[in-house]
Each structure stands twice: as C-alpha cells, then as structure tokens.
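The values are calculated or read from the model by the stated rules, or taken from the named source; none is laboratory data. Treat the numbers as computed from the prediction; the structure is a model and nothing was measured. Neighbour counts are summed over all protein chains in view; Cβ atoms, including those assigned to glycine, are modelled from backbone coordinates with ideal geometry.
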Amino acid sequence: MIILGIETSCDETALSLLDASGTLEAPKFKVISTALYSQVKIHEKYGGVFPMLAKREHQKNLVPLFLKLIKDSGLKLGKRADTKSEDIEKILEKEPELLVDFLKDIVKMEKPAIDAIAVTTGPGLEPALWVGVNFARALSELWDIPAVATNHMEGHLASVLLNRSDNSNLKSKISKVEFPVLGLLISGGHTELVRAENWGEYKVLGATRDDAIGEAFDKVARILGLPYPGGPEISRLAEEFRLDARRSTLDAVHLPRPMLHSDNYDFSFAGLKTAVLYLVKKLTHAEESHSLIRTNESMKGLSESEKKEIACEFENAVTEVLIEKTRKALEEFGAKTLIIAGGVVSNKHIRESFEKMIAADFPDTTLLMPEKELSTDNAVMIAAAGYLNILLKSPPRELKANGNWSIEK
Ligand code: KG4
Ligand code: ZN
C-alpha cells in the first residue's frame, strides 16, 4: 500500500510517500519520494524553535512540498474529486494561508494513488502539529483516504526499519526487529528508555526530569557561542579535540555525570548545562587577567581550543550517562534488540560508543540505529510507523494534536 507521511511536530516540514508491504514481523518498505523543508535558518536567531513561527512556515510550505512530492513520485493520477470546498474551508479555518494554497492547487488536482495517510499528532509543539493534522484531515476529506494518527517517538523507533542491509544497495529494504526491544530515544524534545514487547506495546522505564539531551546540546552550544542547532557543532568540535594530538590547554576540564548512579532510569541534563555555564564564566573571567600570556588566543570569550575541550568533555559526560543507564536496563530486563533513535543518534561519538559497548558486553543483543538521513525528523519514519499501526489494527485515534502524547498510551 502507498502511504503518505506527514510530519510537522517541530521545525521540519516533511512529507513522504512510502510503498509498504509485508507483515508486522517482516515489514517491507520502499521510499517512493520525499520532500522536506528545514526551518533551521529561520529559528537560528532565537536559539531554538519558536512555535508560532514554525506554524506559519508549515502553512506556507506544505502545499508546495506536496506538489513536488507527487511530481517526483511518478504515482498514477486518477479522477478529480468532487469539489468539497466548504468542508475544506471548515477544516482549515485556523490555517488561512494553507487554505488558500489548498483551494488553489490541491482541490483541482487529480487524485494520486495514495491508500492511507500517516500524520504525526504528537508529541511536539501543538501549534506546529495542528498544521500537519489539519492538512491530513483536509486531504482525507477531499480524496476519501483514511488517516492514521501517528506518534512521533514511535516514528523514531520505526526509523530503523528503513536501514539498508549492508550487502545490498537496493532501494527496497527489509528489516526484522526481534523483540523484546529496548529503545533509547534521544532527540531535541525527549530522552527516554523504553521497553517494547512488540510494536505498539511500550513501557517507559525512565525519562529526563528536565532538559532533553538534544536541548542540552543546543543550550551548551549557545553558551559556547555556536550556532543552532548545537548538536552537530558540539560534535564537530569534540571530534577535532579528540583528533588533536596536542590536547588539553586547560587543566583537565571535568563536568558532572548527572544521575549516573541513581537507582532508576531517569536522566537530568539541566545541571550539566549549568555546570558548563559556570565553567565558561570562570574561564572568561580568568582570561582577562591572563590575557598577556595567551596572546595567540582569542582575547574575548573562549578560545577555540577551550571550546573544543568543553565540547568534548560535555559529549563524554552525556555519552557516559546514556551508556550506563542503557547497560543497567539491558542487564535488568535483557533485550534481543537495542534501538537507539532520535536526532541525537546522528552523533558519531555516541554511535561509536554504543557499538563498542554492545560488541564487548552484550554480544547477543542486536544494535539498530537509523541511517543518518533518517535520524533527525522526517516523514519516512512517520509513514513506516503508520503502516505498523495499520497492521496492528490499532483502534482509531482522533486526528487531534496532542503535544504531550506519550509513546506508552
Ligand atoms: O529528532 P530531532 O530531529 O527532533 C526532535 O524530535 O526533537 O532531534 C533534534 C535534536 C537537536 O537538539 C539537535 O541538536 C540534535 O538532535 N542533533 C545532534 C546531532 N545532530 C542533531 N545532537 C548531537 N550530535 C549530533 N550530531
Ligand atoms: Zn524527533
């Protein structure tokens, strides 16, 4: 079946067309086309995502992206729908810009051969989510296609189903996931350890009590004067520090490993961010009195080498916490598969640290992480999770944005 995926939970407007077949045990996916617009540049000056701005951008981008998606797909086009302008107007009354484009370009379009729509309804920023949700409702109404409410975090978990097998460069992908699964979800909005007995059956073992890990990367990057999103920037500096043979210019920066030994699966990253802030304050203040000694370093703020060392120590600290909490969960519950997913799994050091840990200590557990382009937010993973829910015959959920929708329910 052909599934249209729609993702607008944060600052990426993303659409996908996925050809899905196979069973729950062995689903098969072929990506037909994708269209994604990242709002990163727009939110950069705010140092984070500004919800009402994200809503406006999603409204502006959805129809042009949809037209491109259909054009690139080569999907068969059928008959035009009987115009349902009034119904569409009602559905999109809170998205006036989207409504104008929809009436102009989509209502008159010939119906593409789409069998179902999977749309992210949560968790995420509600104003942003609503745009995707109402777009899905309008398409569903116009072309009489069922629409499935999809959980963004379940989407991240399902992203590993799109991995290419190593010995094939085929575009179609088959991936088997053996349960029970332990899921480590690390993104800009979430940090969770989840146990799954099957697709759709999740239990959250622990979560962050304050900032999400990606949020911590972004905030620390801001403290270090690096652009948004901070994850890739910190990662780049940390990598440079590791490769630099000369190493430390500071007297061994040490940051805390919050909740490393706590007797639960929760995380906390706010204190770590504050520790970085204090450290930077101390260093930049100290720098004024020692500026004569550091003639080749930046006189203002931190030097490049200080930034690199702090980035590296921060990355080491969060990685150690993730590794130890996951190790504890694997020891306590056991799992045939460990899935690590969410934007932060793009981080090279985190990926490599987990690969080493699993190979050394849990050789019977399969480690699955999404390919780089499906690590951060995208609509392919949403279409894949939608397909799983169609196979599961999950009871239909109302198509309604729910910013706090937990993967558990
Ligand atoms: O999953 P995602 O795209 O969006 C949410 O659902 O939140 O994750 C975005 C987060 C951002 O905080 C970004 O800084 C982080 O993922 N990120 C990284 C890296 N690439 C993206 N964090 C660490 N290292 C990276 N290489
Ligand atoms: Zn995400």
Inset, instruction - For segment 163-171, state whether one or more residues are at pLDDT below 95 and in contact with a Ser or Thr (Cβ under 8 Å, 6 or more places away or on another chain). - result: yes
Inset, instruction - Could you list all residues from segment 318-367 that are crowded, with 20+ Cβ neighbours inside 10 Å and assigned to a strand (DSSP E or B)? - result: L338, I339, I340, A341
Inset, instruction - Hand me the list of helices (runs of 4 or more DSSP H) wholly inside segment 89-158 holding 3 or more residues that are within 16 Å of ligand 2 (Cβ to nearest atom) and surrounded by 24 or more Cβ atoms within 10 Å (Cβ to Cβ). - result: 126-143, 152-158
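Yes or no, residue by residue, for (1) part of a loop (DSSP other than H, G, I, E, B); (2) buried (at least 22 other Cβ atoms within 10 Å of the Cβ):
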{"residue": "K176", "(1), (2)": "yes, no"}
{"residue": "L184", "(1), (2)": "no, yes"}
{"residue": "L193", "(1), (2)": "no, yes"}
{"residue": "A207", "(1), (2)": "no, no"}
{"residue": "D210", "(1), (2)": "yes, no"}
{"residue": "R222", "(1), (2)": "no, no"}
{"residue": "P227", "(1), (2)": "yes, no"}
{"residue": "P232", "(1), (2)": "no, no"}
Inset, instruction - Go through segment 372-404 residue by residue and tally those that are under 24 Å from T34 (Cβ atoms), assigned to a loop (DSSP other than H, G, I, E, B) and either over 14 Å from the mean Cα position of the chain (by Cα) or not hydrophobic (A, V, I, L, M, F, W, C) (or both). - result: 6
Inset, instruction - For segment 64-79, state whether one or more residues are among the acidic types (D, E), modelled with pLDDT of 95 or more and in contact with a strand residue (DSSP E or B) (Cβ under 6 Å, 6 or more places away or on another chain). - result: yes
Inset, instruction - Could you please give the count of residues in segment 370-407 that are more than 14 Å from ligand 2 (Cβ to nearest atom), closer than 22 Å to G206 by Cα and surrounded by 13 or more Cβ atoms within 10 Å (Cβ to Cβ)? - result: 2
Inset, instruction - From the list E304, E309, pick out the single residue that is surrounded by fewer than 21 Cβ atoms within 10 Å (Cβ to Cβ) and more than 24 Å from the chain's Cα centre (by Cα). - result: E304
Legend entry - Which numbered condition L75 fails, given (1) hydrophobic (A, V, I, L, M, F, W, C); (2) within 24 Å of the chain's Cα centre (by Cα); (3) part of a loop (DSSP other than H, G, I, E, B): (2)
